[in-house]
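Have a look at the structure that comes next, please.
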Amino acid sequence: MFIAHLPAGYLLARQLLKKIRTLPVSPRAVTLTAMAGAVAPDLDMLYFYLIDNGQTHHHKYLSHWPILWIGLLCVSWLAMGLMKRKPLPFLALIFSVGGLLHILLDSVVGDIWWLAPIVDQPYALFTVPARFQPWWLNFVLHWSFFIELLITVWAARASSSTAPSQKPRN
């Protein structure tokens with residue numbers, strides 16, 4: 001995915017705000033945290049370009065391992081149970097759901113090492129054939145980019161409508 005992670009994080013936040021009755025934080029904090037989680041796995045691109053010089057597929061890095069995001073989700077869920085009404089575990093849970101959403105979206109046409117670090121095998125639902133130069137044109141001209149456009153338009157339309165409101169719990 002190229003353009004849809006941030007809009008998908010926004011849509012995730014809107015859905016969560018519709019479902020959760022009371023919040024330990026503001027709706028704005030939920031939205032920003034979900035959006036941050038939805039782009040967080042791609043922060044590895046800094047390492048990819050600045051240190052690794054593009055030698056290793058960035059989806060092989062720890063930040064793209066599903067076990068990281070599932071583990072963070074489980075730890076934050078447990079912390080929420082132990083520390084009721086505390087904002088930090090709640091925000092950690094929202095952040096980890098955003099990160100897991102990123103991994104799921106990347107799994108459509110991007111190789112994800114779902115069984116890392118145990119099995120060194122990438123998985124993707126569909127493959128993007130290498131036909132064009134530069135490499136990113138292969139993704140932009142692939143049918144899957146239409147899904148990204150749909151997510152982006154959906155988020156843009158949702159942001160222009162009335163946002164769901166929640167009051168933080170005191």
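Here is a list: P89, P27, P41. Which entry is farther than 22 Å from I147 by Cβ, touching a residue at least 60 places away in the same chain (Cβ under 8 Å), surrounded by 13 or more Cβ atoms within 10 Å (Cβ to Cβ) and in contact with a helix residue (DSSP H, G or I) (Cβ under 6 Å, 6 or more places away or on another chain)?
P27
Follow-up. Hey, could you check the stretch 79-92 for residues that are assigned to a helix (DSSP H, G or I) and over 21 Å from L12 (Cα atoms) and say which is modelled with the lowest pLDDT?
G81
Something else: Does K60 fit the bill of being out of contact with any strand residue (DSSP E or B) (no Cβ under 9 Å at 6 or more places or on another chain) and without any contact (Cβ under 8 Å) to a residue 40 or more places away in the chain?
Considered against the rule, which asks whether it is out of contact with any strand residue (DSSP E or B) (no Cβ under 9 Å at 6 or more places or on another chain) and without any contact (Cβ under 8 Å) to a residue 40 or more places away in the chain, K60 comes out as no.
While we're looking at this one, here's another question. Restricting to the stretch 18-53, what's the tally of residues that are in a helix (DSSP H, G or I) and touching a strand residue (DSSP E or B) at 6+ places or on another chain (Cβ under 6 Å)?
Of the residues in the stretch 18-53, 0 are in a helix (DSSP H, G or I) and touching a strand residue (DSSP E or B) at 6+ places or on another chain (Cβ under 6 Å).
While we're on this one: Taking the stretch 93-127, which residues are modelled with pLDDT of 95 or more, more than 12 Å from the chain's Cα centre (by Cα) and either buried (at least 18 other Cβ atoms within 10 Å of the Cβ) or assigned to a strand (DSSP E or B) (or both)?
Those that are modelled with pLDDT of 95 or more, more than 12 Å from the chain's Cα centre (by Cα) and either buried (at least 18 other Cβ atoms within 10 Å of the Cβ) or assigned to a strand (DSSP E or B) (or both): L93, V109, I112, W113, A116, Y123.
Taking the stretch 150-170 as the region of interest, how many residues are surrounded by 14 or more Cβ atoms within 10 Å (Cβ to Cβ) and either in a helix (DSSP H, G or I) or at pLDDT 95 or above (or both)?
Summing the residues that are surrounded by 14 or more Cβ atoms within 10 Å (Cβ to Cβ) and either in a helix (DSSP H, G or I) or at pLDDT 95 or above (or both) in the stretch 150-170 gives 5.
Which members of the stretch 8-24 meet the condition of being farther than 13 Å from S159 by Cα and loosely packed, with under 15 Cβ neighbours inside 10 Å?
Result: K18, K19, R21, T22.
The values are calculated or read from the model by the stated rules, or taken from the named source; none is laboratory data. No experiment lies behind these values; they were computed from the predicted model shown. So basically every Cβ, Gly included, is an ideal-geometry build from the backbone, and we count neighbours across all protein chains shown.
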